[in-house]
Amino acid sequence: MTDPGLLLPYIAACFFIIIVPGPTVTVIIANAMRHGTRAGLLNVVGTQIGLFMMMLVLALGLSAVVNVMGSLFEVLRILGAGYLIWLGIRMWRSDGALATQEGAARPGGSFVLQGIIVVWSNPKALLFFGAFIPQFIDPALGNPALQTVFLGLVFMAVATIGDGLYAVLAGGAGARLSRSRIRLTERISGTCLIGGGLWLALARR
């Protein structure tokens, strides 16, 4: 458990981090609009699995190892950037047609896996959490690793609510929008992903 006096500020900080759209939200919205709410929610499941993996790495103290292993860090960064750019190009090439039947036919695991990959496409997120979460840990209250896991689960709960809301709203909007509007939305989403991928590829450590 963490300091109750720090919990509310921590939740507020998590909320403000979550509401800022990034590659994860972009993918969730695009899939929900084109394949339906189910696809977006499955993306959310994948992103939460990816976040949980990051929190475990952080709790075990491995973030310091990742920080030292510069070559591995760089490989993950380049692969992640390439994946985001590839997703962006796919969205740009989309014809804007609804694919709810296709989404229902596609194995749910593909959307879940996509969510995991998008979260891990930016390994710097691990270092961000490594700097963010410890600010709310009080060693006097017990095992810091357990506090890290608890705070990580709180972040995941906030992220699930926020990302799930994006998926539901986008899925509902996709069912009502015209093909041309969906195509425009996908091109905007694709541009954001390509831009994010290029930024990640060119960013310095």
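Every number here is computed from the coordinates shown, using simple stated rules; none is lab data. All values reported here derive from a predicted model rather than from experimental measurement. Here the Cβ positions follow ideal geometry from the backbone for every residue, glycine too, while neighbour counts run over all protein chains shown.
In table form, for the structure just shown:
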{"quantity": "For R93, R34, R187, order by how many other beta-carbon atoms lie within 10 Å, fewest first", "calculated": "R93, R187, R34"}
{"quantity": "Interchain or long-range residues, amide H under 5 Å from N122's placed H", "calculated": "none"}
